[in-house]
Structures are given as C-alpha cells and as structure tokens.
Amino acid sequence: MNHKMILTSLVLFTSILASAASLNPAFSLLPKPQSVVVSSGNVNTSKISHIILPEAYSLSIPANLDGLRQSECPGVGIVLKIADGGTPDHSEGYVLTISKNAITVSSKAQEGLFYGLQTLSQLIQDADDNNIPLPCAKITDYPDMDFRAIHIDTKHHLDRMQYYYEMVDRLASYKVNNIIWELEDKLRYVRHPEIAAGNAISKQEMQALCSYAKDRNIIIHPLVQGLGHAPYILKHHWELREDPKSDWEMCPTNQKTFDFLFDLYEEAMESMPYSKYLHIGGDEISAIGICDRCKETGKSAFELQMEWLSKVCDFAVAHGKTPIFWDDMPLKYSDLWWLLHRPLTDEEIIANWNTDKLDGAVGMFPKNCIYMRWEYDDPTKLSHKNLLAWYKKHDMKVFAATAASTGETPFIPRTNSRVQYIKDFCSLASENDFDGIMATAWDDESNHYETVMRGFAALGSYSWNVSSGDTEKYISDHAKREWGLGREDVRFIDEMEKCVEFFDSALVVSGVRNPAYEVNGIFELVDLPFDKKPGEWSEQYKGRLDAAHIEEARYTEIAEGIHNAKSKALRNRYAFDVYEVTNELFHYPVKLLLALEAYDKAEDSAKTDALTNIRKVCDSFQVMKDKLIDVYGKTRFMSQAEGYIQDLNHHHHLSAFTFNSDWIFYFEQPMTVKIQEWLSKN
C-alpha cells in the first residue's frame, strides 16, 4: 500500500506558504525526506548538549548522538515526544523541528522517533563534516512503502558476526527495516545437525543479532529453500529426492519432505524470534512429477508444486507467519516467462501477451501467501508492467524484488550499482500498491558486501521516498553520506565496472565465470608466445592486447582514484581497501598479457629481460592473492569449514567451485601455473 499520508492542515498550510530556501547542498540526506521547510536562523552543533527520551521508551541512539547527556543541562536539547496530533499518520513517520533553542522529534510511535533521530544524525554529521551550523527547519517525513528489505544470501559464504552487526547499523541509517536471510546450511540446526556447515551460525547467535536489529527497527526473517534449491538437504538425504541422480528437487508427494522442511522452518523461526514472514523459496523447479509416487497421482508438475505451496503456506500461517513465495513457476507454467526475459519490441509483446492460462490457474494460488515478483533488470519494460497490472487486477498480495547484486556479475555489481533498476522498481511497486520491496544480493560469486552496499542504500532511499531524485544525485549523496566524499571522488567505481568486463575473460579463449552462461569448470586458456615466431602471438591476440593497453591506463586512473578517496574519506575506509585489492585482481591479467606481448615483440637481445619481467609478474600473483584474502578476510570466512560436502552445483555458481577462495582466481591461477611450468622447463 502507498502510504503518502495526508498531513494535518497545519503541516499542509506551513508547507504551502513556506518560501524559505531548501537545504544547503552540503546536507545530503538519504533517504530524502518527504518535506523540508527551512526557516531563518541556525544552531551550532557544539551547543547540542543533551537528549531527553520519552518515559518507558528505550531507543537505540545513533553513534554521533550517543555521547549526549540524557538529563537537562545548559545548551540546546533534543527532545523526543510521542504525539498523536501534528505528526504523519504512520508509525514510522515523524516531524523533526530544529529551532535556535531546541530540537524536537515527534511521532505517534517509537519507530518514528528512531527514524527522526537517524535524519538528525545525518544532518549533524554533514554540519560537522563541512564546519557549518544546522539550519533551523521543519522536516515532515514518512515512508512510501512499509516493507523495505535487503536480502542476505549465505549459501556459499559467511561473514563474521561483527560485520553483520555493523551492516545492521548502516542499513538502519538508510531506513531499511527488514532483512530476508537465506540460510541454507549456515544455521546450526539442532533437529538435523548433519545439515549445518561446520561454521554455521548458532541459534543463540542469530537470536542475539535479531534482537540487536530489532532495536534498530530492522526485523530479520528466514528464507528456507525447499522443493527446489535443496542440495544442502539432498546431499545428505537421498531418500527425499525426486530424482535419485539430482540433488536439486525434493519429492512433493513424500510426506517425509514436509516433515523435514517443517523441522527446518521451526528452527529458523526460533532463531529469528521477531520475524513476521517465512520465505519458503519455491522457485526454479525443473523436474518434479517424475518419480513413481508422483506419477501415480496423475497430476501435472505445476499442480504438484501448487499443492506443495499450499501445504507449506498453511504450516507458516499456523505458526503465526506470513509465507512468501518466488513467483516464477506460475509464470513459466502460463507461458509468459519468455515474454519477460527476451529482448522484444512492444509490438511483439502485445501480439503474444495472453493471460488465459494464468487466469485459469489463479484459483490454485494460495490466498494466504505473498507472491514475490522478481525482476532484476529493467522493470519498466511493457511485459513486466503488464504482469504488475495482472497482479493488481486480481488483488493479490505482492512484494517486489529488485537486485543490488544479481549473482551474474562477478566481483562487483555493474550498471552504477544497479541504482536505476532499483529506483524504477520502487516507483512501479508504489504505483501498483505493492506492500513492499526487497533488493536481492545473490551469493553466486560472493561479491563483497562493501561493493553491494550502495545498492542496498538505494533500496532504502527509493522505497522510503520514491521521489528521491535521479541516479546521479543519489550516487553523489551516497558518497557524502557513506564516506564524506564528493561524486568525483568515487568516479573510480564507474571505471571499475568497465574494466571488470575485460577481466572476466581476458585470459581465456573459451569458458566463462558468469553463471548466466553456465560455468562448468571447462575452459581453454590463451596460448603462450614462447614457441612462436616473433610477433606472431601479438598478431593472433591483437584485439585482446589493444584492449589490455586501454585497461592498463584505466587501472592507473582507478588506483589513483582509490588512493585519493581513501586519503580524503572521513569514515568507512575499509570499503576502499576492498576496492583496492579487487582492482589489483582486475589488473593482474592485464599485466600478464602485456608482459607476454613485450616478450613476443622483443629483439633477441632483449628476450632475457622480457622473461625476467614475466617471472616478476607471475611472482606478484601470490602477493596479490594473499593481500586480497587478507582484506576480504577481515569481514568474512574465506573457506568452507573442515568436512564440508559440496553439492552438485546445479546452477554452476562460481563460488561453489572450490572449498577455499581459489574460485576468485578462476582463470588467473591456472594461467600463472601454465606459464611457470613452461619457464621451469626452459
């Protein structure tokens, strides 16, 4: 539901008549508040001395306000008030009033007070960053969407618990209020301990994190995959398989499937005690209805899936949770999927759009379920807008799912952190009265969350206020908010998104590391020039080498940009450490190719020096690798726990190819070995 609430007549009157200027550009609030009215006067932040909380309320205080006294004393005080009148009619809405003598945050509920403090914290931070006073102003604010979520996927890696706590604080500052946590084998199940990875999070650890998050108005909900996406179960329990040869699908007519899933659901819900939702997955089913038990029912695969969905939804509801289900399987059944995922003209879409089959099946859709409509790229295409209209027509409960990281872009998200896609889907979800939206972050290549955070913050910003401005404005505001930097200071991220495209396949003539194109462990590295005529190798790979020279210049530009950003950043410098070692990884194939080219083109008298340089570059590989593992390892576990059993990698996820971190260097490591072996023999 779109919560553009009607404000009181006094607020409207004040907003309409106000002729004061907008906020100084030095203030970059994220999300953008719904209404800001600036008046004359200002407040020096050094004069803010104390904060008064309402009785019987306990609020998490932003770090830069936590040092204030909580009793009256000389100076400017921050007063928090619970008030029914004069505030937005939404529990998360608030009015923040800054005057020369006092700062007041008013809301009808504790959640609104929390968000008012977050906005005030950002204002004070910007004022201190720029050595300017706070302007006297009245900010009236409330969310456009109630459910503003990000997705944590831990199927292939875990971060350290301290990092999750830090993430919660950052997400809360951007007014994200929900996390969907895809657990798989990373929860230490008690009823089925064989499922849990050796380094899985204990139920007590997860409960503690959930409590911490709740204090910051973030509720964590479990996503427990079942029916499909079940290798974490079926590699241990073959008796639950639909196909003995596949660890992907569970049998939907085997009662033991439900008994097992219900055990996992219960433990996940116990681990996340404040959760309102249970996401049960249910997507990407490719082969059910094929075992003898299923065949005997005489039902189609789609009927079997929807019966499974009905049973697990009833279980969730009986345990006080609202179930969430990915929506792709009904769309595939209704022959609409191809219209959503092929590059078609509007005319082609109009000519082929037919919902008769979907309309005929609508009675099979459980009514106690929320359908999560996922579209990770452009949501404004006609086919997708048609589908949103269909959901609205049938009055179905729907959440949207966009992506901060798709799982198909190794190492860093592309396309300006996918901000435009996130912005557009937030607008469409609001227009279609969806109840909420989530930004997924798939773990297929385990992109570091520091490279994903800009997309997460965009989800918070645009789902809170869908009119938060264009993507360039957002990226500029995010740079100020996250690091105290300007837009130009983070321009290097734009360039990294470009250079990673070359990096992806720089060292191979066949094979890929992008799961969208089926990573299968089979690839062919480029030839070596050592046994060729001078110049022959360079001619063979001319296009690749021309691109490498461009990337060499780009690397230098990026490295200088990262160094500049790190030296100027006022906070969160660790992100630049991550970008720095990732940039060195991207540069390694460039160095290697250019060193091989130099050897190929060298005169006989210079061949020895060229070989020495190749050895030097190869020797730098281990240094680069160790540095990246060290930096990433500050927040995450870089290998699977001892005794971990790998699944069959049905989707060929890159980060599932090795037990340690060697998958990160998927082409670079074997290429280095190939060259070193030749050098050792000659």
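The values are calculated or read from the model by the stated rules, or taken from the named source; none is laboratory data. Please read these numbers as outputs of a predicted model, since none were measured by experiment. Note that we place each Cβ from the backbone using ideal geometry, even for glycine, and neighbour counts take in every protein chain shown. The protein model used for the area step is the full one, side chains on, heavy atoms only, and it has no ligands, DNA or RNA in it. Shrake-Rupley method; radii C 1.70, N 1.55, O 1.52, S 1.80 Å.
Brief remarks follow.
- Looking only at residues of segment 346-396 that are surrounded by fewer than 16 Cβ atoms within 10 Å (Cβ to Cβ) and among the basic types (Lys, Arg), we find that the one that is farthest from the chain's Cα centre (by Cα) is LYS357.
- In this entry, ASP129 passes the filter for residues that are farther than 17 Å from ASP215 by Cα, open to solvent by 50 Å² or more (accessible area, probe 1.4 Å) and of a type in the set (D, E, K, R).
- When ILE288 is tested against (1) touching a helix residue (DSSP H, G or I) at 6+ places or on another chain (Cβ under 7 Å); (2) of a type in the set (A, V, I, L, M, F, W, C); (3) without any contact (Cβ under 8 Å) to a residue 60 or more places away in the chain; (4) over 24 Å from ASP433 (Cα atoms), exactly one condition is not met: (3).
- Count of residues meeting criterion [charged (D, E, K, R), open to solvent by 60 Å² or more (accessible area, probe 1.4 Å) and touching a residue at least 40 places away in the same chain (Cβ under 8 Å)] in segment 183-217: 5
- Taken together, the residues in segment 552-578 that are open to solvent by 10 Å² or more (accessible area, probe 1.4 Å) and closer than 13 Å to VAL631 by Cα amount to 3.
- Reported count of residues in segment 359-378, each being part of a strand (DSSP E or B) and charged (D, E, K, R), is 1.
- Tabulated pairs, segment 468-486, first closer than 15 Å to LEU123 by Cα, second surrounded by 22 or more Cβ atoms within 10 Å (Cβ to Cβ) and of a type in the set (Lys, Arg), C-beta under 7 angstrom, 6+ apart or interchain: HIS478/ARG454
- Against the criterion of being in contact with a strand residue (DSSP E or B) (Cβ under 9 Å, 6 or more places away or on another chain), of a type outside the set (D, E, K, R) and touching a residue at least 24 places away in the same chain (Cβ under 8 Å), LEU358 does not qualify.
- Selection count where residues are part of a loop (DSSP other than H, G, I, E, B) and either more than 21 Å from LYS397 (Cβ to Cβ) or among the β-branched types (Val, Ile, Thr) (or both), scope segment 326-350: 6
- Those residues of segment 598-615 which are out of contact with any helix residue (DSSP H, G or I) (no Cβ under 8 Å at 6 or more places or on another chain) and open to solvent by 100 Å² or more (accessible area, probe 1.4 Å), in sequence order: GLU603, ASP604, SER605, ASP609
Results for (1) surrounded by fewer than 22 Cβ atoms within 10 Å (Cβ to Cβ); (2) assigned to a loop (DSSP other than H, G, I, E, B), shown as yes or no for each residue.
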site	(1), (2)
ARG454	no, no
SER468	no, yes
LYS480	no, no
ARG491	yes, no
GLU495	yes, no
PHE502	yes, no
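- Residues of segment 118-168 that are in contact with a His (Cβ under 9 Å, 6 or more places away or on another chain) and among the aromatic types (Phe, Trp, Tyr): TYR142 alone.
- Hey, LEU278 within 11 Å of PRO222 (Cβ to Cβ), modelled with pLDDT of 95 or more, assigned to a helix (DSSP H, G or I) and touching a strand residue (DSSP E or B) at 6+ places or on another chain (Cβ under 7 Å) or not: no
- One residue alone among ILE180, ILE139, ILE103 is buried (at least 22 other Cβ atoms within 10 Å of the Cβ), modelled with pLDDT of 95 or more and within 15 Å of the chain's Cα centre (by Cα), and that residue is ILE180.
- Residue satisfying all of: in segment 297-325; in contact (Cβ under 8 Å) with a residue 24 or more places away in the chain and in a loop (DSSP other than H, G, I, E, B); farthest from ALA400 (Cα to Cα) among these: THR297
- For SER60: the one exception among (1) buried (at least 19 other Cβ atoms within 10 Å of the Cβ); (2) within 30 Å of PHE434 (Cα to Cα): (1)
- Selected residue (criterion: farthest from ALA200 (Cα to Cα)) from residues of segment 238-274 that are part of a loop (DSSP other than H, G, I, E, B) and open to solvent by 30 Å² or more (accessible area, probe 1.4 Å): THR253
- Restricted to segment 86-100, and to residues there that are over 24 Å from SER46 (Cβ atoms) and of a type in the set (Gly, Ala, Ser), the residue that is least open to solvent (accessible area, probe 1.4 Å) is GLY93.
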